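The values are calculated or read from the model by the stated rules, or taken from the named source; none is laboratory data. Since this is a predicted model, take the numbers as computed values, not measurements. For neighbour counting, all protein chains shown are included, and Cβ atoms are generated from backbone atoms with ideal geometry for every residue, glycine included.
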Amino acid sequence: MGGTTAAFGVLPNWVKIWLVCSTLICSVDVAFTALRPESLRGGKYDNFFTLWNVYASVDTRYADAADPLTRVTGPLMCLELVLNVCALCLDFVCPAHSLMAAFLSNALVFWKTSIYLSLFLLPNEEAYRSLDHGTFPPISFRGIAPQTPFWKEMLLFWAPNSVWVFVPLFAMFHLWAKIARGWNGQSEERTDFNMGKYRKAMKNGKMLNKCANELRELCALDELDPMEAAEESGKSAKNGQLMPKQLKLLVKTKSASEKKGSDQFNSNEF
């Protein structure tokens with residue numbers, strides 16, 4: 001999952017899919033909370049929000065149009081939607097900014113959901129009466145509908161909300177690794193290709209250095225006869241040890257230069 005990389009841009013495919021799904025679901029969620037009570041059961045738009053009303057049967061905060069917490073989360077999700085769209089669009093134009101936008105969006109989702117879920121872990125309502133203000137519903141009550149079976153609470157409340165905690169958290173870790181190493185806008189495949197070219201160049205450099213050392217040994221003080229070098233080359237070829245191309249060319253050049261010098265000497269004699 002973490003190793004899947006997009007063909008275009010720097011965001012992994014699974015992060016792009018998550019951003020698209022998150023944008024669509026959060027858009028419906030914002031519409032549901034903004035249109036309450038008309039979006040609740042029996043309202044004018046309840047047919048468009050069937051799944052949300054099923055969830056609201058367990059999470060009583062969503063079923064209460066006057067709940068201060070759910071009234072605030074709607075506008076906050078609008079900022080997340082803008083960041084999601086920016087991250088997806090910038091991935092093809094300015095990848096570095098795309099990483100930052102995606103990271104910030106997932107960070108907001110993670111912390112918003114974590115704070116929201118923490119209110120459902122309160123042990124009892126009486127211990128937090130001091131948090132109540134004015135005529136608003138108390139923000140301290142647990143929020144789960146009374147007489148809700150445990151399996152229904154886990155299936156309809158904790159399971160779906162856990163997705164909005166762990167997936168953004170995993171995306172944050174993955175994107176942070178890219179940002180921390182100074183991502184330069186290239187895909188991982190392109191980076192691996194460049195590293196392969198670098199390793200090949202290093203290997204060729206070592207080979208050239210080896211050829212140069214062998215050439216120094218062959219040509220030192222002209223102690224080695226070019227014909228003898230050619231014979232040694234033939235022996236190496238027979239033994240399966242081919243002489244490097246650069247060394248063969250240099251030996252051949254040395255032989256030609258010595259032959260030319262010999263011809264000039266013979267012509268001077270006559």
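If only residues of the range 110-119 that are touching a residue at least 40 places away in the same chain (Cβ under 8 Å) and more than 18 Å from the chain's Cα centre (by Cα) are counted, the one that is nearest to PHE157 (Cα to Cα) is LEU117.
To keep it simple, each residue is scored yes or no on (1) surrounded by 12 or more Cβ atoms within 10 Å (Cβ to Cβ); (2) assigned to a helix (DSSP H, G or I); (3) modelled with pLDDT of 85 or more.
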site	(1), (2), (3)
CYS89	yes, yes, yes
MET100	yes, yes, yes
SER114	yes, yes, yes
PRO123	no, no, no
TYR128	yes, yes, no
ILE139	yes, no, no
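Within the range 61-82, does at least one residue satisfy the condition of being in contact with a Pro (Cβ under 8 Å, 6 or more places away or on another chain), assigned to a helix (DSSP H, G or I) and surrounded by fewer than 18 Cβ atoms within 10 Å (Cβ to Cβ)? Yes: one or more hits. Taking the range 65-113 as the range and being of a type in the set (Ser, Thr, Tyr) and under 16 Å from CYS26 (Cβ atoms) as the test, the residues that pass are THR70, THR73, SER105, THR113. For the range 16-31, the count of residues that are more than 23 Å from PHE166 (Cβ to Cβ), modelled with pLDDT of 90 or more and part of a loop (DSSP other than H, G, I, E, B) is zero.
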